[in-house]
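Written below as structure tokens is the structure these notes are about.
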Amino acid sequence: MNEYLLFLQGFFKEPKRVGSVIPSSRFLAAKMVQAVPWDEVKTVAELGSGTGAITRFIKPQLHGSTKVLLFERDKRMRNNLRIEYPDFPCYSNACQLVRTIHQQDISQLDCIISGLPFFNFTSEMRKTLLHQIVQALKPGGIFVAFQYSLQMKKQFAKELTVEKIEFVPFNFPPAFVYTCRKREML
């Protein structure tokens with residue numbers, strides 16, 4: 001099925017979970033992938049993989065042994081991802097991130113890339129997701145997320161070091177890419 005149609009159907013079915021009527025643009029996907037030091041990444045999770053708009057840009061960056069886990073709530077999009085990326089295990093619930101990585105024999109992740117519309121979620125769900133992200137990342141691990149506003153800046157900064165925020169105008173709607181890092185243990 002056409003990825004735009006699939007995405008649009010997902011949006012109409014659950015607009016608070018999908019967050020947009022069309023997939024991320026190639027400009028946004030490229031900006032997200034550029035933020036990652038791929039030569040240091042052995043394990044990565046993508047949260048809210050959707051139709052694979054960002055996954056498509058992740059795949060060419062990978063080194064042979066890099067392990068990728070995808071998370072997508074929408075069943076049809078998840079099934080599409082499993083067909084398109086058979087080497088990347090795909091799961092339905094990012095709120096189970098820590099348990100999932102442990103089931104995959106991964107102690108912590110080097111990188112998490114997120115397309116989740118955090119601001120659309122309840123405060124409890126945002127808190128759960130951020131806790132899972134912080135617990136799953138290794139010290140110094142990188143978290144890259146896009147949002148359609150700066151409203152998550154303060155919440156991200158409570159849990160992570162926000163290294164930079166870049167505006168991507170060529171996306172609908174325009175987006176901000178947050179590059180954050182898990183604080184090193186003292």
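The values are calculated or read from the model by the stated rules, or taken from the named source; none is laboratory data. Keep in mind it's a predicted model, so treat the numbers as computed, not measured. When we count neighbours, we look across all protein chains shown, and the Cβ atoms used for this are built from the backbone with ideal geometry, even at glycine. Areas reflect the complete protein model, heavy atoms only, side chains present, ligands, DNA and RNA absent. Shrake-Rupley method; radii C 1.70, N 1.55, O 1.52, S 1.80 Å.
For the reader, a short list of remarks on this structure follows.
- Matching residues, the stretch 134-186, being assigned to a strand (DSSP E or B), open to solvent by less than 20 Å² (accessible area, probe 1.4 Å) and aliphatic (A, V, I, L, M): Leu137, Ile142, Val144, Ala145, Val168, Ala175, Val177
- Considered as a group, the residues in the stretch 75-95 that are exposed (fewer than 12 other Cβ atoms within 10 Å of the Cβ) and assigned to a helix (DSSP H, G or I) include one that is modelled with the lowest pLDDT, and that residue is Lys75.
- Among the residues of the stretch 107-124, the ones that are in contact (Cβ under 8 Å) with a residue 60 or more places away in the chain and among the aromatic types (Phe, Trp, Tyr) come to 1 in all.
- Criterion applied to Pro60, Pro23 was being more than 21 Å from Lys138 (Cβ to Cβ) and either at pLDDT 95 or above or not in a loop (DSSP other than H, G, I, E, B) (or both), and the one residue passing it is Pro60.
- Of all residues in the stretch 84-106, those satisfying the criterion of being touching a Ser or Thr at 6+ places or on another chain (Cβ under 9 Å) and either in contact (Cβ under 8 Å) with a residue 60 or more places away in the chain or among the hydroxyl-bearing types (Ser, Thr, Tyr) (or both) are Tyr85, Tyr91, Ile106.
- Taking the stretch 33-53 as the range and being open to solvent by 10 Å² or more (accessible area, probe 1.4 Å) and under 9 Å from the mean Cα position of the chain (by Cα) as the test, only Gly48 passes.
- Among (1) part of a loop (DSSP other than H, G, I, E, B); (2) free of Cβ contacts under 8 Å to residues at least 12 places away in the same chain; (3) under 22 Å from Lys153 (Cα atoms), the one test that Lys127 misses: (1)
- Subset of the stretch 59-83 (residues that are basic (Lys, Arg) and touching a residue at least 60 places away in the same chain (Cβ under 8 Å)): Arg76
- Hits in the stretch 44-91 - residues which are in contact with a Pro (Cβ under 9 Å, 6 or more places away or on another chain) and small (Gly, Ala, Ser): Gly48, Gly50, Gly52, Ala53
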